[in-house]
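Report on the structure given below.
Nothing in this text is a laboratory measurement; each read-out follows from the coordinates by a stated rule. The structure presented is a predicted model; accordingly, all values stated were derived computationally and were not measured. Ideal geometry is used to build each Cβ from the backbone, glycine not excepted, and the neighbour counts take in all protein chains shown.
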Amino acid sequence: MTTALRPQPGIMDIALYQGGASKIEGQDNPLKLSSNENPFGCSPLASAAVSAAALQLHRYPSTDHTPLRAAIADVHGLPLERIICGVGSDELLTLLAMAYAGPGDEVLYPEHGFSMYRIFALSAGATPVTAPEANRCVDVDALIARITDRTRLIYIANPANPTGTALAADELARLAGAVPESCLLVLDGAYAEFADGYDGGAALVDQHPNVVMTRTFSKLYGLGGLRVGWAYAAQGVVDVLNRVRGPFNLSGVALAGAEAAMRDRAFVDRCLTENAEQRARLTGGLRQLGIGCDNSEANFVLARFPDEAEALAADAHLKSCGILVRLVKGYGFPQALRITVGSADDVTRVLEALAGFRGAA
């Protein structure tokens with residue numbers, strides 16, 4: 001790069017995002033439990049809708065996403081005009097930083113928060129700021145203590161990644177009430193559906209014009225390959241985001257698949273039931289093996305080992321058994337592995353492999 005051609009400040013401080021591994025050398029079909037994907041794939045109705053939409057690839061998609069937004073509004077009981085769709089929730093989280101933060105501003109998030117939060121801040125030229133957590137849970141008091149007159153966004157994943165822990169409703173409400181009007185509180189709900197009885201923050205959005213809720217189709221709905229997300233916010237925030245997003249940001253195929261997935265509630269209910277059952281099995285099985293883990297409200301469990309060396313050894317053993325999980329040293333947990341909750345057979349396979357590891361150790 002020449003000295004005359006320079007990117008905006010902060011961009012070269014961004015470390016490239018590393019997704020979950022998908023291959024094991026010498027193994028043709030590993031069990032992938034590294035990216036929190038739905039082990040049952042997507043709704044058959046979504047697959048059929050994608051196939052039908054593929055016959056219209058020569059047509060531009062809609063710019064207002066009205067059919068998808070209507071499906072979301074119907075299912076969640078929200079006003080359609082305050083819903084906006086994006087290329088995964090990542091695009092919307094990025095656009096929020098672009099629209100509301102810049103040089104001299106601060107973006108705040110928990111110390112073990114989603115690694116993209118730092119990237120969103122730096123991409124906008126803002127300064128990323130972290131607040132400590134307490135026992136792998138978001139610490140509301142620590143966040144409030146770090147709010148300054150330069151704080152423009154606060155990102156909170158609830159349930160959190162990679163811990164799976166979640167803030168109770170009263171704690172979320174306390175945080176929302178403490179955020180100044182000049183700052184947006186962004187509730188990243190990538191795993192919200194897995195937390196029983198949690199509305200993802202929709203009620204807080206209705207109570208506070210500076211609260212935004214985001215959701216994704218990549219986890220529960222099994223549409224990670226289509227890249228679709230959505231947000232619910234005050235009308236003013238939605239209007240701003242619509243001015244900075246691309247007019248054709250979502251393809252016709254993605255829109256059709258997501259709409260069908262949202263309306264197939266029978267498939268969603270089956271997936272949620274199975275996840276709850278297998279998450280309990282995985283958590284209980286890990287604890288019986290002496291592997292620490294918190295109660296997770298997501299579709300994964302953070303398995304904690306005594307130290308980094310044992311976590312690396314467990315990861316290597318799982319790979320030798322054809323199982324891929326996620327090392328989370330980059331999130332501040334070098335002694336832990338994040339394990340996606342799979343099917344009943346998947347969970348059995350993981351627990352048997354770790355029992356073998358414990359027996360050999």
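Summary of computed values
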| quantity | calculated |
| --- | --- |
| Size of segment 181-234 as Cα extents on the principal axes (Å, biggest first) | 36, 23, 13 |
| Tyr60 versus Ala142: modelled label distance in nm, points set 7 Å from Cα along the beta carbon direction | 4.8 nm |
| Surrounding net charge for Thr151, when Lys and Arg each add one and Asp and Glu each subtract one, Cβ distance under 9 Å | 0 |
| Dipole magnitude (debye, nearest 20) for segment 44-263, charges at Cβ of Lys, Arg, Asp, Glu | 660 debye |
| Per-q log10 I(q)/I(0), the chain, q = 0.06, 0.13 Å⁻¹ (Debye; single scatterer per alpha-carbon; no solvent) | -0.22, -1.08 |
| Inter-probe distance in nm under a simple model that places probes 7 Å from Cα toward Cβ, at Glu111 and Ala178 | 1.6 nm |
| Under the span-like rule (Cα at least 27 Å along the axis, Kyte-Doolittle mean at least 1.6), DSSP H helices of the chain | none |
| Antiparallel DSSP beta bridges within segment 81-185, percent to nearest 5 | 10 percent |
| Relative contact order of the chain, defined on C-alpha pairs under 8 angstrom at six or more residues apart (%) | 24 percent |
